[in-house]
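The values are calculated or read from the model by the stated rules, or taken from the named source; none is laboratory data. Bear in mind that the values here come from a model prediction, so they are computed numbers and not experimental data. Here the Cβ positions follow ideal geometry from the backbone for every residue, glycine too, while neighbour counts run over all protein chains shown.
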Amino acid sequence: MSQGQIVNVQLMIPDRGPGLPPSIPLNRDTLVRVQINPSLAGTQDSIAFTITGGSAQSGDAVVVGGEQLKASGNLTIRGTAQTQPGYARDLRLVATLNGKQQATSGGFSVCAHPCAVENGPHHVPYQINPESLEKGVVGMEVQIVIVSDSGAIADLNEVTEREIVSDTHSRSASMNDFPKWNVQVQRVLQPVANVDLDWHTVNVCSLRAMLLAHLQGSQGEWSQDQFDEFRCARCGMNAAVVIKNSGYRITRIVEFDTANVLWLTVKKFSWQCTIAERTASAGPTPSLEVKMRVPPGNVATGFQFP
């Protein structure tokens, strides 16, 4: 290039998602688009790219592809050490020409984020107080696994999460708009390491009320949707964000068999869902189902339909 010629370099760390501070995943490649104007093709010069600001507190990253470019194109960076809470956005991607800085990115962090919620394989019928009509609870117990975009759940040790469940919908006509459950939000976000089991239940006394007041001996069903949200302390998120692939639908079915025994079926399956104007893509677990007789008593209902 001719002496004194100005080279304009533009680069930006790609957006990881709505509501997320600038960051890149741990142990995963991130593609960065670079604009170089004018092109240096045909000259002996090239733009060199490095990452600055790395430390034990700030985390670190390296350029693993496209370390030097003569023209607009892509380079690849990879997070190698996670940022500690309180040290967000200290890392920068820097472009130099013959040792002189030409451009620098905004500050960013390195952190693993949840990318999906798996259900199972453990899922079984669940009950509390099987001998009590007033205090009995029945439903499904299911294992929950939070998936890390780094490939290791241990990397989510500075991430908290919780589930959001929609109001009831998709009721069968026999339910006569019953039950009417509102959106449910866990009170506090919990560490990912504490996430283990989830329960989708119904009070036995509520089932009796449905039968006596609404179903009149016919089958009934209703559904709710569910997704999870998370907050990462490493990149300094101000508010919780929906986990992308965490959407599921939970359908409960109640019915009598020919022996007048009451059964509850709970189905949970992958479903793209929107709750309070926030949307999650369908989760990775296709479908789980349990079916159980509703106690108390061996004849399940503990009461005869009038």
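Can you pull out every residue in region 227-258 that is aliphatic (A, V, I, L, M), buried (at least 17 other Cβ atoms within 10 Å of the Cβ) and touching a Ser or Thr at 6+ places or on another chain (Cβ under 9 Å)?
Correct list: Ala240, Val242, Ile250, Ile253, Val254.
Any idea which of (1) polar (S, T, N, Q); (2) in a strand (DSSP E or B); (3) exposed (fewer than 14 other Cβ atoms within 10 Å of the Cβ) is the one Thr76 doesn't satisfy?
It fails just one condition, (3).
Among the residues of region 219-255, what is the count of those that are touching a helix residue (DSSP H, G or I) at 6+ places or on another chain (Cβ under 9 Å), of a type in the set (Phe, Trp, Tyr) and modelled with pLDDT of 95 or more?
Counting residues in region 219-255 that are touching a helix residue (DSSP H, G or I) at 6+ places or on another chain (Cβ under 9 Å), of a type in the set (Phe, Trp, Tyr) and modelled with pLDDT of 95 or more gives 1.
Could you grab me the full set of residues in region 184-225 that are β-branched (Val, Ile, Thr) and exposed (fewer than 13 other Cβ atoms within 10 Å of the Cβ)?
Listed by number, the list holds a single entry, Val188.
Can you tell me which residue is surrounded by the fewest Cβ atoms within 10 Å (Cβ to Cβ) among those in region 259-301 that are modelled with pLDDT of 90 or more and of a type in the set (Gly, Ala, Ser)?
Step by step, filter region 259-301, then rank; the result is Ala276.
If a residue must be in a strand (DSSP E or B) and at pLDDT below 95, how many such residues does region 12-44 contain?
Counting residues in region 12-44 that are in a strand (DSSP E or B) and at pLDDT below 95 gives 0.
So how many residues does region 164-180 have that are surrounded by 13 or more Cβ atoms within 10 Å (Cβ to Cβ) and either modelled with pLDDT of 85 or more or within 17 Å of Val117 (Cα to Cα) (or both)?
7
Results for (1) under 22 Å from Leu11 (Cα atoms); (2) in contact with a Leu (Cβ under 9 Å, 6 or more places away or on another chain); (3) of a type in the set (Lys, Arg), shown as yes or no for each residue.
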position	(1), (2), (3)
Leu40	yes, yes, no
Thr50	yes, yes, no
Asp60	yes, yes, no
Thr80	yes, yes, no
Gly86	no, no, no
Lys100	yes, no, yes
Ser105	yes, yes, no
His113	no, yes, no
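Can you name the residue in region 31-51 that is surrounded by fewer than 19 Cβ atoms within 10 Å (Cβ to Cβ) and closer than 30 Å to Val147 by Cβ and is also farthest from the chain's Cα centre (by Cα) among such residues?
Per the stated criteria, the residue is Arg33.
Being hydroxyl-bearing (Ser, Thr, Tyr), surrounded by fewer than 17 Cβ atoms within 10 Å (Cβ to Cβ) and either out of contact with any Lys or Arg (no Cβ under 8 Å at 6 or more places or on another chain) or modelled with pLDDT of 95 or more (or both) narrows it down to one of Thr104, Thr83, so name that one.
Just one listed residue meets the conditions, Thr104.
Count, please, the residues in region 5-49 that happen to be among the charged types (D, E, K, R) and over 30 Å from Ala152 (Cα atoms).
Residues meeting the conditions: 1.
Just a yes or no: is a residue in region 69-77 under 21 Å from Asn8 (Cα atoms), touching a Lys or Arg at 6+ places or on another chain (Cβ under 7 Å) and modelled with pLDDT of 95 or more?
Yes, some residue in region 69-77 is under 21 Å from Asn8 (Cα atoms), touching a Lys or Arg at 6+ places or on another chain (Cβ under 7 Å) and modelled with pLDDT of 95 or more.
Got a sec? Which strands (runs of 3 or more DSSP E) wholly within region 216-286 have at least 1 residues that are more than 24 Å from Ile24 (Cα to Cα) and in contact with a Phe, Trp or Tyr (Cβ under 7 Å, 6 or more places away or on another chain)?
220-232, 248-256, 262-270, 273-275
Suppose we filter Gly136, Gly54 for residues that are surrounded by 18 or more Cβ atoms within 10 Å (Cβ to Cβ) and touching a residue at least 40 places away in the same chain (Cβ under 8 Å); which single one remains?
The conditions single out Gly136.
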